[in-house]
1. What do you reckon, is E166 acidic (D, E), assigned to a helix (DSSP H, G or I) and modelled with pLDDT of 80 or more?
2. Is it fair to say V56 is within 30 Å of I164 (Cα to Cα), part of a helix (DSSP H, G or I) and touching a residue at least 60 places away in the same chain (Cβ under 8 Å)?
3. For R83, work out the one condition from (1) in a strand (DSSP E or B); (2) modelled with pLDDT under 95; (3) out of contact with any Lys or Arg (no Cβ under 8 Å at 6 or more places or on another chain) it doesn't fulfil.
4. Please go through region 148-163 and give me each residue that is open to solvent by 80 Å² or more (accessible area, probe 1.4 Å) and under 24 Å from W120 (Cβ atoms), ordered by number.
5. Determine whether L39 is within 30 Å of I206 (Cβ to Cβ) and crowded, with 18+ Cβ neighbours inside 10 Å.
6. Pick out the one residue from V124, V63, V45 that is at pLDDT 95 or above, of a type in the set (A, V, I, L, M, F, W, C) and either assigned to a helix (DSSP H, G or I) or under 20 Å from R18 (Cβ atoms) (or both).
7. Can you pull out every residue in region 164-179 that is over 10 Å from A77 (Cβ atoms), crowded, with 20+ Cβ neighbours inside 10 Å and among the basic types (K, R)?
8. Would you call A103 open to solvent by 30 Å² or more (accessible area, probe 1.4 Å), over 14 Å from the mean Cα position of the chain (by Cα) and more than 16 Å from I183 (Cα to Cα)?
Amino acid sequence: MKTPESQHSVTQPVAAERTYRSPAGIAGGVLLLVMGAWLGFDALVNGDARTAWLAVAALLFVVPLVVAFTVRPAVYANEDRLRVRNPFRVITLPWASVADLRASYSSEVFTEGGDKYQLWAIPVSMRARKKANRAAGGRKGGGLKGDADSVPRRAAGDQSLDEIRELARDRADKPSAQGEPSIRWAYEIVAPVVVGAVLMAVLVAIG
């Protein structure tokens with residue numbers, strides 16, 4: 001006789017989503033935002049009306065751009081897909097649509113359809129790569145079929161791409177990893193930048 005426990009199937013644990021970001025980029029962005037906030041606040045408090053409006057326009061224009069290029073970029077990888085959050089777009093790539101990942105002067109993902117997207121959150125450091133290559137005897141890997149374990153030491157960006165390659169290789173044939181790439185524009189970044197640019201142009205035009 002089956003017990004109630006035996007009638008339930010065992011649920012396999014779901015691997016946690018991996019997140020890749022640039023700590024140096026985030027730190028630099030936060031520093032720029034603090035400086036911008038201080039300058040903007042000073043202009044709003046101590047400047048005349050026109051200076052205050054120019055400060056508002058400048059903040060609307062500059063702050064989203066700083067956030068977009070420093071704090072915002074991230075790469076998320078789970079069992080089913082790769083999600084790339086770049087300054088102005090979010091690209092979702094099921095593993096079956098990923099053809100290759102490469103890093104020369106920037107990290108890039110290529111789709112089966114031939115499209116290419118930059119991974120802003122995984123910067124390439126030539127200095128770190130040269131240091132790691134010297135330690136590893138200068139051996140270099142690449143492509144989805146590269147053996148990530150063949151090189152004992154890699155630069156941080158290359159190590160991140162190795163992990164993503166492994167996921168792409170292992171998950172591409174899974175039913176849950178099928179589908180076409182999708183792109184969503186970051187209107188929450190674009191809209192305030194456009195508003196700030198228009199406001200600044202109007203203020204300059206009217207003198």
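The values are calculated or read from the model by the stated rules, or taken from the named source; none is laboratory data. Just so you know, these numbers come straight off a predicted model, no measurement behind them. Glycine gets a Cβ as well: all are built from the backbone with ideal geometry, and neighbour counts include every protein chain shown. Each accessible area value is taken on the protein alone, full model and side chains, heavy atoms only, with ligands, DNA and RNA left out. Shrake-Rupley method; radii C 1.70, N 1.55, O 1.52, S 1.80 Å.
1. yes
2. Numbers: within 30 Å of I164 (Cα to Cα): no; part of a helix (DSSP H, G or I): yes; touching a residue at least 60 places away in the same chain (Cβ under 8 Å): yes.
Criteria not met by V56.
3. Evaluating R83 over (1) in a strand (DSSP E or B); (2) modelled with pLDDT under 95; (3) out of contact with any Lys or Arg (no Cβ under 8 Å at 6 or more places or on another chain) leaves (2) as the failure.
4. First, the residues of region 148-163 that are open to solvent by 80 Å² or more (accessible area, probe 1.4 Å): 149, 152-153, 159.
Q159 - this is the single residue of region 148-163 that is open to solvent by 80 Å² or more (accessible area, probe 1.4 Å) and under 24 Å from W120 (Cβ atoms).
5. When the stated conditions are applied, L39 does not pass them.
6. Details: V124 fails: at pLDDT 95 or above; V45 fails: at pLDDT 95 or above.
Only one candidate qualifies: V63.
7. R165
8. Numbers: open to solvent by 30 Å² or more (accessible area, probe 1.4 Å): no; over 14 Å from the mean Cα position of the chain (by Cα): yes; more than 16 Å from I183 (Cα to Cα): yes.
No; evaluated as a whole, the condition is false for this residue.
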